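The values are calculated or read from the model by the stated rules, or taken from the named source; none is laboratory data. Just so it is clear, the structure is predicted and the values come from calculations on it, not from any experiment. Every residue, glycine as well, gets a Cβ built from its backbone with ideal geometry; the counts of neighbours run over all protein chains shown. Just the protein is used for accessible areas: all its heavy atoms, side chains included, with ligands, DNA and RNA removed. Shrake-Rupley method; radii C 1.70, N 1.55, O 1.52, S 1.80 Å.
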Amino acid sequence: MDLPRNCYENNDFLGIAICCVYAPLDECEDIPENDFAHKSENESDDEALNEYDDFLEAESSISTELECQLSLHDRYGFSTLCVQHLSFRTTCKCYHDGGGSEQMWVIFYPKAAILESCHTNPSIFLGAIFMGCRNHFKYFPEILENMENLRQLHLNGTAIKELPSSIERLNRLQVLNLGRCKNLVTLPESICLCSLKELDLIYSKLMQGVVLSDICCLYSVEVLDLSFCGIDEGGIPTEICQLSSLQELLLIGNLFRSIPAGINQLSRLRLLVLGNCQELRQIPVLPSSLRVLDVQSCKRLETSSGLLWSSLFNCFKSLIQDLECKIYPLEKPFARVNLIISESCGIPNWISHHKKGAEVVAKLPQNWYKNDDLLGFVLYSVYYPLDNESEETLENDATYFEYGLTLRGHEIQFVDKLQFYPSFYGNVVPYMWMIYYPKYEIGKKYHSNKWRQLTASFCGYLRGKAVKVEECGIHLIYAHDHEQNHGKAMISTFAGNVKRMCNPYGSFV
C-alpha cells in the first residue's frame, strides 16, 4: 500500500486499518461436542474433570494462531525494513470443522506504533503478509476465470504439490512466491505469466540440480531468486541469459562451479548475489549495468585474476556515463558499484590508503575537481563481530553497512552518506564491502582547492547489533592507470589478509 506523502508529519493521518479474510483450507477431524455442561447426576466429579481436561485438549487442538508481518519497503523493493509481527489466537470451532464461512481479522494500527527509526527510512510502501500456523494447504484450486486485480500470490512454506495450468488466468500477476514449498516438484508445462516481475523459488526442490527451461521463458521477470536450490555445475542453462528484463538474480548457496559466460548479455542486471556458493571458482565478464556483486563466503573463488576487477571497472565507467547523461538510478545504492566479498580473500595491493579502525583519510591532488582523468574513489571496510556483546543496538533487527564522506579544508563539510543493505543469509562475518564512488557525485560547491582532504568513515550492524570495523581504506581511481595497463593496474595480487603489521600512523607496512 502506498503511504501518504509525509505521513509521519501529517497530524491528520492517524494510522492504518488492515484486514484479511481467512477461509478453511482442509476439513479437520471431527471434534467432540462439549457436553461437559450436560454431565449426568450419576457421573463423579473426577470423571467430569477428566472430560473437562479432554475438552480443553480438544479446544487447544482446534486453536489457530493468525499472524501478520508488517514491513516498510521502497518503491522498487531494494531495501525492506520489518516493522512488527502481530498475532491473534482463535479457538472458534466453526472455522475448523468446515461448518462456518470465512473469518475476518481487522487490525487498527496507529501511526505512533511505527518505530521512530523508520521515519527517516526512504520507505514509502507498507506491506502486510498474513499467515496461519495451521496452514496445511496442499491443493491449489483451479482458476475458472481471468483475475485481473490479483498482483501478488504468496504460497511460500505451504504443502502444495503442483500448480494448475489455469494459473495462467492470473494474467496481471506480478509477484509469485513459491519459496520453501518442499512438496512442489513440478510446474505447469509452458507456464506463461506475461506480467510476472518477481519469482521466488528459494529452497525449492523443483530444480533437481538444473534450472527448469520454462523459467527461462518468463521474459518479463525482473527479480529471480533461485537460492539454495541445489543447482549443480552446468545446471544454469544459457537460455537464462535471454531474460532481457532481469535486474536482480539471486543464486545463494548453490553447487555450481561457474555461471554462463553469456551473463554479460543481461544488459539491465543490477544485482547479482552468489554468496555461499562454496564450489564457485570463477566469474565471467559481467554486464556493465551491474551495480551490486555479492560473493561473500565463496571460498574457492579466484579473485586475483584481472577479469573480476576489469568487469567492476567497466561497471564503474558505465555508472559515470549514466550520471553524466542525467540517467539517475531509482535507488541510491545503485548510484555506486558495490562488492561484498569475504575478508579472507585479502585486500587488493593497489589500494593506496589503509587504516586500522573505522576512518581513513586521503589527500586530494591539486585541481582534483578539474582533472577528467580522476574518475572517483574506491572505498572499502572490513567488518568483524565484536568480542563482547555490543551495547550499541538499533530499535529494529536490521543488517546494514554505512559510510560517510567528509571533505576537509579550513572547515569540515559533510558530503555524502549511504546505508547499504546486503543480502543476509546467516551470521557469516567478516565481510569486506568495497564501493566504487564516482567523483561526479561530489557537488559543485566543493569544486575548489580549498577542499583537499577526503575522509571516509564506516559503521555496520548485524541483526540490530553493532559490528566492529576492523580496517578501512580509500584509493583514487584514474582512467589512465587502467587503460594503459589493459586493466592490470587494478589486478595485482591480494595482500594476504588484514592481520598485517601496522605502523604507529595507521599505514600498513
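Within the range 318-344, the residues that satisfy the criterion of being within 23 Å of S381 (Cβ to Cβ) and open to solvent by 40 Å² or more (accessible area, probe 1.4 Å) are P329, K332, S344.
Condition test on S220, is it open to solvent by 50 Å² or more (accessible area, probe 1.4 Å), free of Cβ contacts under 8 Å to residues at least 40 places away in the same chain and either over 25 Å from L266 (Cα atoms) or out of contact with any His (no Cβ under 7 Å at 6 or more places or on another chain) (or both)? Considered against the rule, which asks whether it is open to solvent by 50 Å² or more (accessible area, probe 1.4 Å), free of Cβ contacts under 8 Å to residues at least 40 places away in the same chain and either over 25 Å from L266 (Cα atoms) or out of contact with any His (no Cβ under 7 Å at 6 or more places or on another chain) (or both), S220 comes out as no. All of Y440, Y425, Y421, Y431 fail the test of being touching a Phe, Trp or Tyr at 6+ places or on another chain (Cβ under 8 Å), surrounded by fewer than 19 Cβ atoms within 10 Å (Cβ to Cβ) and at pLDDT below 95, apart from Y421. Just one of the numbered conditions (1) within 25 Å of S423 (Cβ to Cβ); (2) in contact with a helix residue (DSSP H, G or I) (Cβ under 7 Å, 6 or more places away or on another chain); (3) not in a strand (DSSP E or B) is not true of S318: (2).
In the range 329-348, the residues that are under 18 Å from L286 (Cβ atoms) and part of a strand (DSSP E or B) form Cβ pairs under 6 Å with partners that are open to solvent by 10 Å² or more (accessible area, probe 1.4 Å) and not charged (D, E, K, R), at six or more places apart or across chains, as follows: I340/P422; P348/F494. Quick check, is A362 touching a residue at least 12 places away in the same chain (Cβ under 8 Å), out of contact with any Asp or Glu (no Cβ under 8 Å at 6 or more places or on another chain) and in a loop (DSSP other than H, G, I, E, B)? Here the answer is no, as A362 does not meet what is asked. Total residues in the range 449-461 satisfying the condition of being in a strand (DSSP E or B) and either open to solvent by 30 Å² or more (accessible area, probe 1.4 Å) or more than 12 Å from L386 (Cα to Cα) (or both): the figure is 7.
Kindly provide the set of residues from the range 178-199 that are closer than 24 Å to N149 by Cβ, open to solvent by 30 Å² or more (accessible area, probe 1.4 Å) and either modelled with pLDDT under 85 or not in a loop (DSSP other than H, G, I, E, B) (or both), ordered by number. Within the range 178-199, C192, E198 qualify. Checked against the criterion of being part of a loop (DSSP other than H, G, I, E, B) and either modelled with pLDDT under 90 or buried (at least 18 other Cβ atoms within 10 Å of the Cβ) (or both), the range 473-483 has no qualifying residue. Candidates S227, S204: the one that is under 22 Å from the mean Cα position of the chain (by Cα), crowded, with 19+ Cβ neighbours inside 10 Å, small (G, A, S) and under 19 Å from L266 (Cβ atoms) is S227. Taken over the range 148-167, the criterion of being open to solvent by 80 Å² or more (accessible area, probe 1.4 Å) and either touching a Cys at 6+ places or on another chain (Cβ under 8 Å) or not charged (D, E, K, R) (or both) is satisfied by N149, Q152, S165.
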